[in-house]
1. Suppose we look only past 17 Å in the calculated P(r) of the stretch 55-130. What percent of the Cα-Cα pairs does that tail hold?
2. What FRET efficiency comes out for LYS27 versus ARG94 if R0 is 25 angstrom and r is the Cβ-Cβ distance? Round to the nearest 0.05.
3. Considering only ALA39, LEU98, LEU23, whose Cα is most displaced toward the positive end of the charge dipole of the chain, charges sitting on Cβ of Lys, Arg (+1) and Asp, Glu (-1)?
4. Using the basic label-point model (7 angstrom from Cα toward the beta carbon), what is the MET1 to ASN72 distance in nanometres?
5. Of the peptides 116-124, 5-13, how do they stack up when ordered by the mean number of other Cβ atoms within 10 Å, highest first?
6. Can you show me the helix-derived [θ] at 222 nm for the chain, built from DSSP H runs with n ≥ 4 at -39,500 (n - 2.57) apiece and divided by the number of residues, rounded to the nearest 500.
7. Dipole of the chain, Cα-centred, from +1 at each Lys and Arg C-beta and -1 at each Asp and Glu C-beta, to the nearest 20 debye?
8. Within the P(r) computed for the stretch 18-85, what percentage of the Cα pairs occupies the region above 14 Å?
Amino acid sequence: MDRLFLDANVLFSAAYRPSAGLLRLWKLDDVILCSSRYALGEARANLDGEEQRSRLDKLAEAIHWFDAVHRNLPKAAFLPEKDVPVLLAAIESRATHLLTGDVRHFGPHFGKKIEGVTIMLPGEYLRQRS
């Protein structure tokens, strides 16, 4: 069973419109969805409307929440300070995958495992599941 850690941009995109393709993640039977309050707060701050925030709240009910532990970033990872809590929380959650659309910061790590967590685009994960 995969443990999927969802970055803020995945939460944002899923809540942005009612027909978002990323909602497929919530319909998968054999996965555990994980994220952090940090990522949730970032997604909420970027959503404009109350309807979108309400969708986010509903989606959040199916997520297991983890926080980053205070420790050094693994040597294999080079990330801006704002993204460090995301990776550390994904490691803390024992995620098999960190799903993120942040190509700019996480892109160099796509397809790689860092402390057991494979970093990839959510669409790529869904394509692999098809």
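1. 47 percent
2. The formula returns an efficiency of 0.65 here.
3. Checking the options against the dipole of the chain, the answer is LEU98.
4. 3.5 nm
5. Result, highest mean first: 5-13, 116-124.
6. -11000 deg cm²/dmol
7. Dipole of the chain, to the nearest 20 debye: 280 debye.
8. I get 68 percent for the Cα pairs in the stretch 18-85 exceeding 14 Å.
Each value in this text was obtained by applying a stated rule to the coordinates, not by laboratory testing. Predicted model only: the values in this text are computed from it and were never measured. All Cβ positions, even for glycine, are placed from backbone atoms using ideal geometry, and neighbour counts span all protein chains on display.
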